[in-house]
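In what follows, a structure is listed as structure tokens, so that the remarks can point back to it.
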């Protein structure tokens, strides 16, 4: 749902995005959502004791990444600058958003730790496919709404990203 919300925010900020990006952004989110549970599964089977230390940092990392990008988007939306599309549109930002929205999926690797490799890959593939579909829907929904909101879309998108960062942090800390 985090990736869906970010997709909506991206569509809000870029209602006129080109077709390739409309399908590419969900693909990036789906790739990270596929990879993170597998990475967690691998960690459980190799370096579990070291991963537990990193797991405590996950909420902080998500908060910082989403807060930074959302804050930048919010500031650009308030200024009315044209750069807001580059905030969520650049390759670096997209990778950061992919990591930020999927980093908590590392812990899914713990829940599938008893599975064999084939089953873990299958579970991760299902997660990736579902993520792609809902993110694609989010992009289209955001574009529809974004066209109607005109200059306020960047502000709303920034608020959404910051709220997601806070949500991931609160859930991870509590």
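The values are calculated or read from the model by the stated rules, or taken from the named source; none is laboratory data. Quantities reported herein were computed from a predicted structural model and do not represent experimental measurements. As a convention, Cβ positions derive from the backbone with ideal geometry for all residues, glycine included, and neighbour counts pool all protein chains shown.
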Q. Between a first residue in the range 11-36 that is within 14 Å of residue 94 (Cα to Cα) and a second residue that is not in a helix (DSSP H, G or I), which pairs have beta carbons less than 8 Å apart while being 6 or more apart in sequence or on different chains?
A. 11/17; 21/14
(Q) If a residue must be at pLDDT 95 or above and more than 19 Å from residue 101 (Cα to Cα), how many such residues does the range 129-143 contain? (A) 0
Q) Tell me, which residue of the range 144-159 that is touching a helix residue (DSSP H, G or I) at 6+ places or on another chain (Cβ under 8 Å) and surrounded by fewer than 22 Cβ atoms within 10 Å (Cβ to Cβ) is modelled with the highest pLDDT? A) 144
Q) Quick one: would you say residue 38 is assigned to a helix (DSSP H, G or I) and either at pLDDT 90 or above or surrounded by fewer than 21 Cβ atoms within 10 Å (Cβ to Cβ) (or both)? A) yes
Q | Residue in the range 111-126 that is in contact (Cβ under 8 Å) with a residue 40 or more places away in the chain, within 24 Å of residue 68 (Cα to Cα) and part of a helix (DSSP H, G or I) present | A | no
